[in-house]
Amino acid sequence: MSYQLPTFPYTTPPELRADAPAPARHPLVIVGGGLAGLTLAADLASRGVRCTLIDEDDTVGVRGASSRGIVYVQRSLEVMARIGIFERIAAKGATWSIGRVLAGDEALYSFDRQAGNVSRQPPFVNLQQFYLEWFLVDRIVELGLTDLRWKQRVVGVRSHAEHVELDVQAPDGRYTLQADWVVDAEGVNSFVRQALQLPEHTERGQDRWCITDVRFRQQRPQERWTWIEAPFNANRGVWQHPMADEVWRLDFQMAPDSDPAEVGKPEVARERVAQMLGPGVEFELVWVGPYSYRTMLMERFRHGRLLFIGDAAHAKSPFGARGGNSGIMDADNLGWRLGLLLQGRASPALLDRYDAERHRAAEENIRITARSGRFMQPRSPMEFTLRKAVLQLARRHAFARTLLDAGRMCTPHHYGGLPGFGPGAEAGRAVPNVPLGDDAGAPALLDVLRAAGSEPVAFVFGPVPAALARAVEAAGLPLRLQPTQSTLLRHATGATEGGVALIRPDSHLAATLPDNEPAALLAAARAALAMEPA
């Protein structure tokens, strides 16, 4: 099976047109049209913010690569709902909530993330990454605010105090582009990061895997299955995931010294799948791709007027779907800040908060994926002994099942304790997309945040006092007031009746206040917006 990916037209940029006036400096340029870069561009356009995006290709995904990233967690689905493409994702992808961890034929542990879910989005949708990127491009074109420059590659970069210069190679010439701000979303092999020799810490992964996308002849449950020790794969790990087009992704853990060219041969991959399914089970081989990974973390995600997101800033193993999802969350964290900055309603100090928050999130993701990797591929006899003991105990004792580390799924980072968040256990937590009323047509949290654009929203649990409305208007802050009686939102934020929950545009709770006293709310808003106290 081959996928027919879309191609997008190249247009000669104004900088290369002989009859065009000298181009003005660009307010914002995004370098890289992968998952993180496209999410940021779509996010900005949904907030009414223009930008320019440069990508060296003219399509989505990786040519010849089928699935790549596939698992999109609830937080990412909520971001896509705010951008306006969740319905397409849900219609095309495979929605699931149940996961099982196995050793041989024995299920050691299972979970169902739908139990207790209060968001309008499901826990997970699996979709081949190129589809998601495709939907993002369609949405960007529909919104009409983004200058998409396909088949253009950055070949030089110079960072100055007041702007950034990019040398760009296009099919019909080279030109220099000046930008007030540049966001690098090129991926782990970022030219910009390497050209400027920015500090990073890198470690090459020892694990080897091979993706095998197949179509089964028989129906299978829409669940994620993980074998920690699969007897049909020399007691190494295997993942099984449903995807779109009735295709299933199988990830086979390979021997550390395996040859990628050999394990990637279709006939070799077919034999692995046949051993997994047993004799007589028919299947269609769709695509095969061996891979390894490396861990990389930049020391800082902001360097003057350059910002880094996604794999350009941090790379990790794919355990728990923490690669693409964390790139989406980077874009979600950065988009509203850039929106306020480019509208002249915030200072660059707000961008330092992006660096602090997403750097800590990246550290957490790398720490978790490294732990999962060592559980799936122990590096010493002691680690093998520990894993064996956990597997044996998990067969008999419930407490040990929580120790089965086979890829803890990505969750939004809790920013509590960082600057800009009020005290309390809930401040810094992501608030799910809860409905704000009892009937089916009631708006949800994201509906209100979408309408507010790049402004935080203060949800007042009860009527909005006239004195509070006057104080907010007089302060001139980018802040919306929203009365609500939602019990679900009150529980999700830890607020009390008559109090206030201040929620940022990226759905993270900035503060909860016990009452609607104006001075306290204005102080919390200024803190969230990195503004000096009045």
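The values are calculated or read from the model by the stated rules, or taken from the named source; none is laboratory data. All values reported here derive from a predicted model rather than from experimental measurement. Heads up, the Cβs are rebuilt from the backbone with ideal geometry, glycines too, and the neighbour counts pull from every protein chain shown. SASA here: full protein model, heavy atoms, side chains in, ligands and nucleic acids out. Shrake-Rupley method; radii C 1.70, N 1.55, O 1.52, S 1.80 Å.
Results, tabulated for the structure shown:
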read-out: Two-decimal Rg/Rh across segment 233-296, once Rg and the Kirkwood Rh are taken from alpha-carbon atoms; value: 0.96
read-out: Over segment 174-285, volume per residue of the alpha carbon convex hull, in Å³; value: 206
read-out: Antiparallel bridges, percent of DSSP beta bridges restricted to the chain (to nearest 5); value: 75
read-out: Stretch gain in nm, segment Thr487-Thr402, where the contour uses 0.36 nm per residue and the Cα spacing is subtracted; value: 27.5 nm
read-out: Whichever aspartates and glutamates have a C-alpha closer than 15 Å to that of Lys388, once near sequence neighbours (fewer than 8 apart) are set aside; value: Glu106, Glu229, Asp405
read-out: Segment 430-477 versus segment 8-40: alpha-carbon centroid distance in Å; value: 35
read-out: Degrees between helix 518-528 axis and first principal axis of the chain (Cα, 0 to 90, nearest 10); value: 50
read-out: Amide H partners (placed H, <5 Å) of Glu229, local residues excluded; value: Gly104
read-out: Distant-in-sequence amide H partners of Ala511 (H built 1.01 Å from N, under 5 Å); value: Gly422, Leu502
read-out: Average Cα contact separation per residue, the chain, under 8 Å, 6 or more apart, as relative contact order %; value: 15
read-out: Cα long-axis angle, helix 129-143 against the chain (0 to 90 degrees, to the nearest 10); value: 20
read-out: Order by protection proxy (mean Cβ within 10 Å, highest first), peptides 149-155, 288-294; value: 149-155, 288-294
read-out: Average accessible surface area per residue within segment 196-326, 1.4 Å rolling probe, Å²; value: 42
read-out: In nm, spacing of pseudo-spin labels at Thr202 and Tyr10 (7 Å Cα→C-beta vector); value: 2.8
read-out: Computed over segment 83-200: relative contact order in percent, which uses C-alpha pairs under 8 Å that are six or more apart; value: 16
read-out: Additional length obtainable on full extension of the chain from Gln275 to Ala467, 0.36 nm per residue less Cα span; value: 62.0 nm
read-out: Contour minus Cα-Cα distance for Thr496 and Glu246 (0.36 nm per residue); value: 85.4 nm
read-out: Backbone HN-Hα couplings from phi across segment 276-288 [Karplus 6.51/-1.76/1.60, Hz, Gly and Pro as x]; value: 5, 7, x, x, x, 8, 8, 7, 10, 7, 9, 6, 10
read-out: Built amide H within the under 5 Å cut-off of Glu200, gap 5+; value: Glu299
read-out: Amide N proximity, segment 178-199 versus Ala20 label position 7 Å along Cα-to-Cβ, cut-off under 15 Å; value: 178-179
read-out: Computed helical MRE - 222 nm, the chain, DSSP H runs ≥ 4 contributing -39500 (n - 2.57), nearest 500; value: -9500 deg cm²/dmol
read-out: Relative contact order (percent, whole number), segment 282-353, Cα cutoff 8 Å, 6+ residue spacing; value: 23
read-out: Principal axes of segment 83-221: Cα extent on each, largest first, Å; value: 59, 42, 34
read-out: Accessible-area order (highest first, 1.4 angstrom probe) of the listed residues Asp438, Asp251; value: Asp438, Asp251
read-out: Distance (nanometres) between label positions extended 7 Å along Cα→Cβ at Val118 and Ser159; value: 4.1
read-out: Label-point gap, in nm, between Gln219 and Asp439 - each point 7 angstrom along Cα→Cβ; value: 3.6
read-out: Cα-derived Rg to Rh of the chain, Kirkwood definition; value: 0.98
read-out: Whole-angstrom Cα spans of segment 356-451 along principal axes, big to small; value: 56, 35, 23
